[in-house]
1. If you add up the charges near B:Ala57, with Lys and Arg at +1 and Asp and Glu at -1, over every other residue whose beta carbon is less than 13 angstrom from its beta carbon, what do you get?
2. Give me a comma-separated list of calculated 3J(HN,Hα) values for the stretch B:170-177, in order, Karplus coefficients 6.51, -1.76, 1.60 applied at θ = phi - 60°, integers in Hz, x for any Gly or Pro.
3. Residues of A:15-21, mean number of Cβ from any other protein chain within 10 Å of their own Cβ, rounded to a whole number?
4. Let me confirm one metric for peptide A:91-99, namely the mean number of other chain beta-carbon atoms within 10 Å of its residues' beta-carbons.
5. Mind scanning A:Lys135/B:Lys154; B:Lys77/B:Lys101; B:Lys19/B:Lys152 and naming the pairs with a C-alpha gap bigger than 25 Å?
6. Per residue Cα convex hull volume for the stretch A:2-159, in cubic angstrom?
7. Once neighbouring chains are kept in place and the probe is 1.4 Å, which whole percent of the accessible area of chain B is contributed by carbon and sulfur?
8. Using only Cα atoms, find the angle between the long axis of helix B:82-161 and the longest principal axis of chain B, and express it within 0 to 90 degrees, rounded to the nearest 10.
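The values are calculated or read from the model by the stated rules, or taken from the named source; none is laboratory data. Because the structure is predicted, anything quoted here is derived from the model rather than measured. Don't worry about glycine lacking a Cβ; one is built from the backbone with ideal geometry, like all the others, and counts go over all protein chains shown. Ligands, DNA and RNA are excluded from the accessible area calculation, which covers all protein heavy atoms including side chains. Shrake-Rupley method; radii C 1.70, N 1.55, O 1.52, S 1.80 Å.
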Amino acid sequence: MRIIITNAVDELCAAFERQGYNPTPIIDIGVLIASADGKVDEREREMLLDVFQTLLGTSLTAEVVDNLVTASLEVIEAAGAESRARLVGAILRDIGAVEAGVRVALGLAYASHGLTGDERAVVDRIATAGGLAAKRVAELVAEVGKHADADPVSVRQSISPGRTPDA
Amino acid sequence: MAYARSKKSYLLDPRFQLKWTAYLVVVVVLVMTGLGVVIARVAGRTSDTAHLAVSQAEKAFEESRTNSILAMRGVQKESDDPTLAKVMEDSLAELEVQSAKNLADVRSRQDDIARDRRNLQLVLGGGGAALVILLFVMGVVITHRIVGPVHKMKRLLRRVSTGRLAIEERLRRGDELEDLFDTFLQMTYSLRAMQAARLKTLDATLKRAEATGAAADVLAGMRALRAQMVLGLEPRRASVIPPPMV
(Lines give C-alpha, C1' and ligand atoms only; values in the text may rest on other atoms or scores of the structure.)
Protein backbone atom coordinates (compact mmCIF):
# COMPACT_ATOMS: atom_id res chain seq x y z
CA MET A 1 0.00 0.00 0.00
CA ARG A 2 2.75 2.47 0.92
CA ILE A 3 4.35 2.09 -2.48
CA ILE A 4 1.04 2.74 -4.19
CA ILE A 5 0.26 5.81 -2.10
CA THR A 6 3.74 7.30 -2.10
CA ASN A 7 4.21 6.74 -5.80
CA ALA A 8 0.76 8.10 -6.55
CA VAL A 9 1.35 11.24 -4.45
CA ASP A 10 4.72 11.80 -6.11
CA GLU A 11 3.24 11.12 -9.55
CA LEU A 12 0.45 13.56 -8.80
CA CYS A 13 2.78 16.27 -7.54
CA ALA A 14 5.08 15.81 -10.53
CA ALA A 15 2.11 16.04 -12.90
CA PHE A 16 0.86 19.17 -11.14
CA GLU A 17 4.31 20.75 -11.40
CA ARG A 18 4.73 19.70 -15.04
CA GLN A 19 1.42 21.25 -16.05
CA GLY A 20 1.94 24.40 -13.99
CA TYR A 21 -0.67 23.66 -11.32
CA ASN A 22 -0.32 23.81 -7.55
CA PRO A 23 -0.88 20.45 -5.85
CA THR A 24 -3.64 21.86 -3.59
CA PRO A 25 -6.35 19.59 -5.12
CA ILE A 26 -4.68 16.80 -3.10
CA ILE A 27 -5.98 18.61 -0.01
CA ASP A 28 -9.45 18.61 -1.56
CA ILE A 29 -9.18 14.89 -2.37
CA GLY A 30 -8.23 14.17 1.25
CA VAL A 31 -11.00 16.31 2.72
CA LEU A 32 -13.61 15.05 0.22
CA ILE A 33 -12.81 11.46 1.17
CA ALA A 34 -12.54 12.17 4.89
CA SER A 35 -15.82 14.09 4.96
CA ALA A 36 -17.69 11.69 2.68
CA ASP A 37 -19.74 10.37 5.59
CA GLY A 38 -20.56 13.91 6.76
CA LYS A 39 -17.90 14.35 9.42
CA VAL A 40 -14.12 14.24 9.80
CA ASP A 41 -13.21 12.07 12.79
CA GLU A 42 -9.96 12.01 14.75
CA ARG A 43 -8.47 9.14 12.74
CA GLU A 44 -9.20 10.93 9.47
CA ARG A 45 -7.77 14.16 10.86
CA GLU A 46 -4.50 12.36 11.65
CA MET A 47 -4.49 10.94 8.14
CA LEU A 48 -4.99 14.41 6.70
CA LEU A 49 -2.15 15.75 8.87
CA ASP A 50 0.17 13.27 7.18
CA VAL A 51 -1.09 14.15 3.73
CA PHE A 52 -0.66 17.88 4.30
CA GLN A 53 2.79 17.46 5.84
CA THR A 54 3.87 15.36 2.88
CA LEU A 55 2.45 17.90 0.50
CA LEU A 56 3.88 21.00 2.16
CA GLY A 57 7.16 19.35 3.11
CA THR A 58 7.09 20.71 6.65
CA SER A 59 5.83 19.79 10.09
CA LEU A 60 2.37 21.08 10.84
CA THR A 61 0.58 21.56 14.12
CA ALA A 62 -2.92 20.19 14.66
CA GLU A 63 -4.15 23.77 14.65
CA VAL A 64 -2.81 24.41 11.15
CA VAL A 65 -4.35 21.15 9.91
CA ASP A 66 -7.64 22.15 11.48
CA ASN A 67 -7.46 25.47 9.68
CA LEU A 68 -6.73 23.79 6.36
CA VAL A 69 -9.48 21.21 6.84
CA THR A 70 -11.97 23.86 7.95
CA ALA A 71 -11.11 26.07 4.98
CA SER A 72 -11.50 23.15 2.59
CA LEU A 73 -14.75 22.04 4.22
CA GLU A 74 -16.15 25.56 3.92
CA VAL A 75 -15.29 25.59 0.23
CA ILE A 76 -16.89 22.15 -0.23
CA GLU A 77 -19.98 23.31 1.64
CA ALA A 78 -20.24 26.49 -0.42
CA ALA A 79 -19.55 24.83 -3.77
CA GLY A 80 -21.21 21.49 -3.03
CA ALA A 81 -19.33 18.23 -2.62
CA GLU A 82 -20.38 16.97 -6.06
CA SER A 83 -19.31 20.16 -7.76
CA ARG A 84 -15.99 20.17 -5.93
CA ALA A 85 -15.38 16.52 -6.81
CA ARG A 86 -16.10 17.37 -10.45
CA LEU A 87 -13.59 20.24 -10.33
CA VAL A 88 -10.95 17.98 -8.81
CA GLY A 89 -11.65 15.38 -11.50
CA ALA A 90 -11.38 18.01 -14.24
CA ILE A 91 -8.07 19.27 -12.82
CA LEU A 92 -6.74 15.70 -12.67
CA ARG A 93 -7.78 15.30 -16.31
CA ASP A 94 -6.01 18.59 -17.18
CA ILE A 95 -2.74 17.29 -15.76
CA GLY A 96 -3.25 13.76 -17.12
CA ALA A 97 -3.09 12.07 -13.73
CA VAL A 98 -6.64 10.86 -13.07
CA GLU A 99 -5.53 7.35 -12.16
CA ALA A 100 -2.94 8.64 -9.69
CA GLY A 101 -5.58 10.88 -8.11
CA VAL A 102 -8.02 7.99 -7.83
CA ARG A 103 -5.28 5.81 -6.31
CA VAL A 104 -4.56 8.48 -3.68
CA ALA A 105 -8.28 8.84 -2.95
CA LEU A 106 -8.71 5.07 -2.63
CA GLY A 107 -5.59 4.76 -0.49
CA LEU A 108 -6.88 7.43 1.87
CA ALA A 109 -10.32 5.82 1.95
CA TYR A 110 -8.88 2.41 2.82
CA ALA A 111 -6.65 4.03 5.42
CA SER A 112 -9.47 5.05 7.74
CA HIS A 113 -12.30 2.53 7.95
CA GLY A 114 -12.03 0.73 4.65
CA LEU A 115 -13.80 1.89 1.51
CA THR A 116 -17.34 2.86 2.49
CA GLY A 117 -20.18 3.44 0.05
CA ASP A 118 -19.98 7.23 0.53
CA GLU A 119 -16.24 7.23 -0.12
CA ARG A 120 -16.72 5.05 -3.19
CA ALA A 121 -19.31 7.56 -4.46
CA VAL A 122 -16.77 10.41 -4.08
CA VAL A 123 -14.13 8.35 -5.89
CA ASP A 124 -16.60 7.59 -8.67
CA ARG A 125 -17.50 11.27 -9.03
CA ILE A 126 -13.83 12.28 -9.32
CA ALA A 127 -13.14 9.45 -11.76
CA THR A 128 -16.18 10.26 -13.90
CA ALA A 129 -15.26 13.95 -14.08
CA GLY A 130 -11.75 12.90 -15.00
CA GLY A 131 -13.09 10.74 -17.82
CA LEU A 132 -11.98 7.44 -16.29
CA ALA A 133 -14.06 4.43 -17.33
CA ALA A 134 -16.07 2.66 -14.63
CA LYS A 135 -14.34 -0.59 -15.49
CA ARG A 136 -10.92 0.96 -14.85
CA VAL A 137 -12.15 2.42 -11.53
CA ALA A 138 -13.28 -1.04 -10.47
CA GLU A 139 -9.83 -2.40 -11.38
CA LEU A 140 -8.14 0.34 -9.32
CA VAL A 141 -10.46 -0.36 -6.38
CA ALA A 142 -9.50 -4.04 -6.54
CA GLU A 143 -5.80 -3.21 -6.96
CA VAL A 144 -5.62 -0.76 -4.04
CA GLY A 145 -7.94 -2.92 -1.91
CA LYS A 146 -5.68 -5.92 -2.43
CA HIS A 147 -2.67 -3.99 -1.12
CA ALA A 148 -4.70 -2.59 1.75
CA ASP A 149 -5.60 -6.10 2.84
CA ALA A 150 -2.20 -7.64 2.26
CA ASP A 151 0.16 -4.99 3.56
CA PRO A 152 0.01 -4.30 7.27
CA VAL A 153 2.00 -1.07 6.93
CA SER A 154 -0.42 1.75 7.53
CA VAL A 155 -1.13 4.37 4.97
CA ARG A 156 -0.14 6.99 7.49
CA GLN A 157 3.39 5.68 7.45
CA SER A 158 3.41 5.39 3.70
CA ILE A 159 2.33 8.94 3.00
CA SER A 160 4.46 10.40 5.72
CA PRO A 161 8.00 9.24 4.92
CA GLY A 162 10.32 9.01 7.89
CA ARG A 163 7.48 8.60 10.34
CA THR A 164 8.28 6.08 13.07
CA PRO A 165 5.93 3.08 13.22
CA ASP A 166 4.60 3.99 16.64
CA ALA A 167 4.13 7.66 15.92
CA MET B 1 0.15 26.08 -22.97
CA ALA B 2 -0.27 26.37 -26.69
CA TYR B 3 -2.17 23.56 -28.33
CA ALA B 4 -1.98 22.54 -31.94
CA ARG B 5 -5.05 23.15 -34.06
CA SER B 6 -6.06 19.74 -35.36
CA LYS B 7 -9.35 18.38 -36.69
CA LYS B 8 -10.17 17.16 -33.20
CA SER B 9 -9.37 20.51 -31.59
CA TYR B 10 -11.98 22.22 -33.77
CA LEU B 11 -14.66 20.44 -31.75
CA LEU B 12 -13.59 21.44 -28.27
CA ASP B 13 -17.12 21.61 -26.90
CA PRO B 14 -19.15 19.39 -29.25
CA ARG B 15 -22.46 20.00 -27.45
CA PHE B 16 -22.24 23.80 -27.69
CA GLN B 17 -20.69 23.95 -31.14
CA LEU B 18 -22.95 21.37 -32.77
CA LYS B 19 -26.06 22.90 -31.19
CA TRP B 20 -25.41 26.39 -32.63
CA THR B 21 -24.17 25.00 -35.92
CA ALA B 22 -27.35 22.94 -36.14
CA TYR B 23 -29.48 26.07 -35.46
CA LEU B 24 -27.69 27.87 -38.29
CA VAL B 25 -28.09 24.94 -40.68
CA VAL B 26 -31.77 24.40 -39.78
CA VAL B 27 -32.63 28.08 -40.40
CA VAL B 28 -30.91 28.04 -43.79
CA VAL B 29 -32.48 24.70 -44.71
CA LEU B 30 -35.94 26.07 -43.85
CA VAL B 31 -35.39 29.18 -46.00
CA MET B 32 -34.02 27.05 -48.83
CA THR B 33 -36.94 24.64 -48.58
CA GLY B 34 -39.41 27.52 -48.80
CA LEU B 35 -37.68 28.95 -51.85
CA GLY B 36 -37.36 25.48 -53.33
CA VAL B 37 -41.11 24.88 -53.00
CA VAL B 38 -41.86 28.16 -54.81
CA ILE B 39 -39.38 27.37 -57.57
CA ALA B 40 -40.69 23.80 -57.88
CA ARG B 41 -44.25 25.07 -58.21
CA VAL B 42 -43.30 27.54 -60.94
CA ALA B 43 -41.35 24.83 -62.76
CA GLY B 44 -44.27 22.42 -62.36
CA ARG B 45 -46.69 24.93 -63.85
CA THR B 46 -44.37 25.55 -66.79
CA SER B 47 -44.14 21.81 -67.35
CA ASP B 48 -47.93 21.44 -67.15
CA THR B 49 -48.35 24.26 -69.65
CA ALA B 50 -45.91 22.57 -72.03
CA HIS B 51 -47.75 19.29 -71.63
CA LEU B 52 -51.05 21.00 -72.37
CA ALA B 53 -49.53 22.67 -75.42
CA VAL B 54 -48.37 19.31 -76.76
CA SER B 55 -51.82 17.77 -76.16
CA GLN B 56 -53.45 20.64 -78.01
CA ALA B 57 -50.96 20.37 -80.85
CA GLU B 58 -51.57 16.60 -81.15
CA LYS B 59 -55.29 17.17 -81.16
CA ALA B 60 -54.94 19.87 -83.84
CA PHE B 61 -52.74 17.58 -85.89
CA GLU B 62 -55.29 14.75 -85.70
CA GLU B 63 -58.13 17.12 -86.64
CA SER B 64 -56.07 18.49 -89.49
CA ARG B 65 -55.48 14.97 -90.83
CA THR B 66 -59.16 14.10 -90.51
CA ASN B 67 -60.11 17.30 -92.33
CA SER B 68 -57.57 16.56 -95.04
CA ILE B 69 -58.97 13.07 -95.57
CA LEU B 70 -62.53 14.43 -95.70
CA ALA B 71 -61.50 17.19 -98.08
CA MET B 72 -59.71 14.66 -100.29
CA ARG B 73 -62.74 12.40 -100.40
CA GLY B 74 -64.97 15.42 -101.21
CA VAL B 75 -62.75 16.42 -104.12
CA GLN B 76 -62.65 12.83 -105.46
CA LYS B 77 -66.45 12.62 -105.23
CA GLU B 78 -67.17 16.02 -106.83
CA SER B 79 -64.59 15.91 -109.58
CA ASP B 80 -63.06 13.27 -111.85
CA ASP B 81 -60.16 15.52 -112.73
CA PRO B 82 -57.00 13.59 -111.77
CA THR B 83 -54.87 16.76 -111.94
CA LEU B 84 -56.99 18.51 -109.38
CA ALA B 85 -56.92 15.41 -107.22
CA LYS B 86 -53.12 15.31 -107.50
CA VAL B 87 -52.77 18.99 -106.61
CA MET B 88 -55.11 18.50 -103.69
CA GLU B 89 -53.20 15.45 -102.54
CA ASP B 90 -49.85 17.27 -102.72
CA SER B 91 -51.24 20.23 -100.90
CA LEU B 92 -52.66 18.07 -98.12
CA ALA B 93 -49.45 16.07 -97.88
CA GLU B 94 -47.46 19.30 -97.57
CA LEU B 95 -49.87 20.50 -94.89
CA GLU B 96 -49.50 17.25 -93.01
CA VAL B 97 -45.71 17.46 -93.14
CA GLN B 98 -45.86 21.02 -91.83
CA SER B 99 -48.26 19.98 -89.06
CA ALA B 100 -46.04 17.04 -88.11
CA LYS B 101 -43.04 19.39 -88.00
CA ASN B 102 -44.91 21.82 -85.79
CA LEU B 103 -45.94 18.97 -83.49
CA ALA B 104 -42.34 17.76 -83.30
CA ASP B 105 -41.22 21.33 -82.43
CA VAL B 106 -43.74 21.55 -79.62
CA ARG B 107 -42.71 18.13 -78.30
CA SER B 108 -39.05 19.16 -78.47
CA ARG B 109 -39.86 22.30 -76.45
CA GLN B 110 -41.69 20.12 -73.93
CA ASP B 111 -38.63 17.87 -73.62
CA ASP B 112 -36.44 20.97 -73.18
CA ILE B 113 -38.68 22.22 -70.42
CA ALA B 114 -38.69 18.80 -68.71
CA ARG B 115 -34.89 18.63 -68.96
CA ASP B 116 -34.51 22.18 -67.63
CA ARG B 117 -36.81 21.24 -64.76
CA ARG B 118 -34.70 18.20 -63.90
CA ASN B 119 -31.50 20.27 -64.12
CA LEU B 120 -33.04 22.92 -61.90
CA GLN B 121 -33.94 20.26 -59.33
CA LEU B 122 -30.40 18.85 -59.46
CA VAL B 123 -28.83 22.31 -59.11
CA LEU B 124 -31.15 23.18 -56.24
CA GLY B 125 -30.56 19.84 -54.50
CA GLY B 126 -26.81 19.76 -55.09
CA GLY B 127 -26.35 23.44 -54.31
CA GLY B 128 -28.45 23.07 -51.19
CA ALA B 129 -26.44 20.07 -49.99
CA ALA B 130 -23.16 21.91 -50.70
CA LEU B 131 -24.46 24.98 -48.88
CA VAL B 132 -25.45 22.88 -45.85
CA ILE B 133 -21.99 21.28 -45.73
CA LEU B 134 -20.34 24.69 -46.12
CA LEU B 135 -22.53 26.15 -43.39
CA PHE B 136 -21.77 23.23 -41.10
CA VAL B 137 -18.02 23.69 -41.55
CA MET B 138 -18.34 27.46 -41.13
CA GLY B 139 -20.49 26.98 -38.04
CA VAL B 140 -17.90 24.74 -36.42
CA VAL B 141 -15.06 27.13 -37.32
CA ILE B 142 -16.94 30.23 -36.13
CA THR B 143 -18.07 28.66 -32.85
CA HIS B 144 -14.52 27.38 -32.38
CA ARG B 145 -13.35 31.01 -32.30
CA ILE B 146 -15.49 31.45 -29.20
CA VAL B 147 -15.25 28.00 -27.66
CA GLY B 148 -11.44 27.88 -28.04
CA PRO B 149 -10.83 30.85 -25.70
CA VAL B 150 -13.55 29.64 -23.31
CA HIS B 151 -11.94 26.18 -23.23
CA LYS B 152 -8.55 27.73 -22.50
CA MET B 153 -10.03 30.09 -19.89
CA LYS B 154 -11.74 27.19 -18.10
CA ARG B 155 -8.47 25.32 -17.94
CA LEU B 156 -6.57 28.37 -16.70
CA LEU B 157 -9.27 29.17 -14.15
CA ARG B 158 -8.96 25.62 -12.81
CA ARG B 159 -5.22 26.20 -12.56
CA VAL B 160 -5.74 29.50 -10.72
CA SER B 161 -8.16 27.68 -8.40
CA THR B 162 -5.20 25.58 -7.24
CA GLY B 163 -3.39 28.80 -6.29
CA ARG B 164 -1.05 28.97 -9.29
CA LEU B 165 -1.12 32.54 -10.53
CA ALA B 166 1.67 32.54 -13.13
CA ILE B 167 -0.07 32.42 -16.52
CA GLU B 168 2.12 32.41 -19.62
CA GLU B 169 -0.52 31.32 -22.12
CA ARG B 170 -2.13 33.76 -24.52
CA LEU B 171 -5.03 33.51 -26.93
CA ARG B 172 -4.39 32.60 -30.55
CA ARG B 173 -4.58 35.24 -33.25
CA GLY B 174 -8.14 35.76 -34.38
CA ASP B 175 -9.70 34.31 -31.22
CA GLU B 176 -12.67 36.11 -29.72
CA LEU B 177 -13.11 37.21 -26.07
CA GLU B 178 -9.75 39.01 -25.93
CA ASP B 179 -11.10 41.59 -23.47
CA LEU B 180 -12.27 38.89 -21.09
CA PHE B 181 -8.92 37.11 -21.28
CA ASP B 182 -7.07 40.38 -20.68
CA THR B 183 -9.23 41.08 -17.60
CA PHE B 184 -8.44 37.58 -16.34
CA LEU B 185 -4.70 38.19 -16.82
CA GLN B 186 -4.91 41.53 -15.00
CA MET B 187 -6.59 39.73 -12.11
CA THR B 188 -3.77 37.16 -11.89
CA TYR B 189 -1.14 39.96 -11.98
CA SER B 190 -2.87 41.72 -9.08
CA LEU B 191 -3.18 38.52 -7.06
CA ARG B 192 0.46 37.61 -7.74
CA ALA B 193 1.61 41.04 -6.62
CA MET B 194 -0.36 40.69 -3.39
CA GLN B 195 0.96 37.17 -2.82
CA ALA B 196 4.55 38.29 -3.41
CA ALA B 197 4.17 41.25 -1.04
CA ARG B 198 2.67 39.03 1.68
CA LEU B 199 5.44 36.48 1.25
CA LYS B 200 8.12 39.17 1.51
CA THR B 201 6.51 40.56 4.65
CA LEU B 202 6.28 37.09 6.15
CA ASP B 203 9.89 36.27 5.26
CA ALA B 204 11.11 39.48 6.86
CA THR B 205 9.00 38.86 9.97
CA LEU B 206 10.18 35.26 10.17
CA LYS B 207 13.81 36.38 9.91
CA ARG B 208 13.29 38.92 12.69
CA ALA B 209 11.49 36.33 14.82
CA GLU B 210 14.36 33.88 14.38
CA ALA B 211 16.92 36.59 15.17
CA THR B 212 15.12 37.69 18.30
CA GLY B 213 14.62 34.13 19.55
CA ALA B 214 10.85 33.96 19.30
CA ALA B 215 9.00 31.00 20.79
CA ALA B 216 9.34 27.73 18.87
CA ASP B 217 5.62 27.27 18.33
CA VAL B 218 5.36 30.81 16.93
CA LEU B 219 8.21 30.08 14.51
CA ALA B 220 6.62 26.73 13.55
CA GLY B 221 3.33 28.45 12.85
CA MET B 222 5.03 31.08 10.70
CA ARG B 223 6.95 28.41 8.79
CA ALA B 224 3.75 26.45 8.20
CA LEU B 225 2.11 29.61 6.91
CA ARG B 226 5.09 30.23 4.65
CA ALA B 227 4.91 26.65 3.35
CA GLN B 228 1.26 27.20 2.41
CA MET B 229 2.01 30.52 0.72
CA VAL B 230 4.98 29.27 -1.21
CA LEU B 231 3.22 26.07 -2.33
CA GLY B 232 3.81 25.64 -6.01
CA LEU B 233 6.35 28.44 -6.21
CA GLU B 234 9.26 26.24 -5.23
CA PRO B 235 9.99 22.74 -6.54
CA ARG B 236 8.75 20.00 -4.25
CA ARG B 237 11.09 17.26 -3.09
CA ALA B 238 10.00 13.74 -3.94
CA SER B 239 8.72 11.61 -1.09
CA VAL B 240 11.12 9.05 0.25
CA ILE B 241 9.71 5.60 0.82
CA PRO B 242 10.48 4.74 4.44
CA PRO B 243 12.52 1.62 5.10
CA PRO B 244 10.47 -1.48 5.78
CA MET B 245 9.53 -1.98 9.40
CA VAL B 246 11.25 -4.78 11.28
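1. Here the charged neighbours net out to +1.
2. Those phi angles translate into 9, 6, 7, 4, x, 5, 7, 6 Hz.
3. Values: counts 0, 5, 4, 0, 5, 10, 9.
Average per residue, whole number: 5.
4. Details: counts 5, 0, 2, 7, 3, 0, 0, 0, 0.
Taking all residues of A:91-99 together, the mean is 2.
5. Working: A:Lys135/B:Lys154 28 Å; B:Lys77/B:Lys101 30 Å; B:Lys19/B:Lys152 20 Å.
In this structure, A:Lys135/B:Lys154; B:Lys77/B:Lys101 exceed 25 Å between Cα atoms.
6. Cα-based convex hull of the stretch A:2-159, divided per residue, equals 96 Å³.
7. Working: 10610 of 16820 Å².
Roughly 63 percent of what the probe reaches on chain B is carbon or sulfur.
8. Result, in degrees: 0.
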